[in-house]
């Protein structure tokens, strides 16, 4: 199989690249600047090169787009503009590349986020739940997914990501820090729900979406058992043989992170109905399993 990955140098992209290489897939890594990999199964290219010629992309079975400005920064007006515009620009480039390819890829898997459902302490959301624009992030994802509809003549999978847990990137290393010093505890009320997924299950789910032709439109890339912030902290403390006792007040998170504190203080219960219906087999369906595996690594 020949797969193109945009955003391959990011946290998820690095894991996905290794996962596909272990399966002997041929990869095209698309980025702003060439990385000149010497791996025999990897070809490097840039957006600039593909804007002139898409010959390298011919014969590609799937495109996975994970690229976009990180949301893990203080949301100033300038940062908000970069976060939104980077996503819209890259999706537009993917649409243009597909349009110019003589033989279209069978599928484009494009990153999205469960933030599109808005936040709630009571409701649960599945793939056919209506989008709700109620803050900056849900507005970004709504526009992002609308832009994906411009990718024509191929199957589209909108990969609605929850919190991706991995030892070498994403949120987990920062969440582990207070527990290393035995000062961990709930954040805010602790009742906000985390919809999460182990990085290995995410890589497997992306492959599952590529191989399963019946999966179209959006899919919640989350584990089947979401947890509250307090439950997550207790599981992490147990895995690290640490303590879970010192709460962090909501106002402190708002002072430190500003508007971005919504990622820590608000949440929603996003359930992977489609993955469950298609009998995707999670290796880490429960948070205790997931954090134990990641901590021991």
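Of 122, 186, 23, 43, how do they rank once you tally other Cβ atoms within 10 Å and put the fewest first?
122, 23, 43, 186
Considering Cα pairs under 8 angstrom that are at least six residues apart, work out the relative contact order of the range 20-71 and quote it in whole percent.
27 percent
Using the number of other C-beta atoms within 10 angstrom as an exposure proxy, rank 80, 52 with the fewest first.
Going from sparsest to densest Cβ surroundings: 52, 80.
From the Cα gyration tensor of the range 2-296, with a ≥ b ≥ c the square roots of its eigenvalues, which class applies: rounded if a/c is under 1.5, or else prolate if a/b is larger than b/c, or else oblate?
Judged from the Cα gyration tensor, the range 2-296 comes out prolate (a/c at least 1.5, a/b above b/c).
Compute the Cα gyration tensor for the range 7-70, then decide on rounded, prolate or oblate, letting a ≥ b ≥ c be the square roots of its eigenvalues: rounded whenever a/c is under 1.5, prolate when a/b is larger than b/c in the other cases, and oblate in all that remain.
oblate
Using Cα-Cα distances under 8 Å and only pairs 6 or more residues apart, what relative contact order does the chain have, in percent?
On the way: 558 pairs, mean separation 53.9, N = 297.
It comes to 18 percent, rounded to a whole number.
Pull out a ≥ b ≥ c, the square roots of the eigenvalues of the alpha-carbon gyration tensor of the range 149-297, then state rounded if a/c is under 1.5, prolate if not and a/b is larger than b/c, and oblate in the remaining case. Mind showing how you got there, number by number?
On the way: a/c = 2.47, a/b = 1.70, b/c = 1.45.
Here the range 149-297 falls in the prolate category.
To the nearest 10 degrees, how steeply does helix 136-148 sit against the main Cα axis of the chain, on a 0 to 90 scale?
20 degrees
Sort 29, 41 so that the residue with the fewest other Cβ atoms within 10 Å of its own Cβ comes first and the one with the most comes last.
Least crowded to most crowded, the residues run 41, 29.
Distance between Cα centroids, the range 255-297 to the range 27-104: provide it in whole Å.
If you average the Cα positions of each part, the centres end up 26 Å apart.
Given the DSSP H assignment, sum -39500 (n - 2.57) over each helix run of at least 4 residues in the chain and divide by its residue total; what's the result at 222 nm in deg cm²/dmol, nearest 500?
Computed ellipticity for the chain at 222 nm equals -11500 deg cm²/dmol.
Test of understanding: what is the full-extension gain from residue 43 to residue 238, defined as 0.36 nm times their sequence separation minus their Cα-Cα distance?
65.9 nm
How far is helix 287-296 tilted, in degrees, relative to the longest principal axis of the Cα atoms in the chain, given as a value from 0 to 90 rounded to the nearest 10?
The angle comes out near 80 degrees.
Angle between the Cα long axis of helix 77-100 and the longest principal axis of the chain, 0 to 90 degrees, nearest 10?
30 degrees
All of the numbers you see were taken from the coordinates with simple rules; none came from a lab. Model, not experiment: these values are computed from the prediction. Positions of Cβ are backbone-derived with ideal geometry, glycine not excepted, and every protein chain shown enters the neighbour counts.
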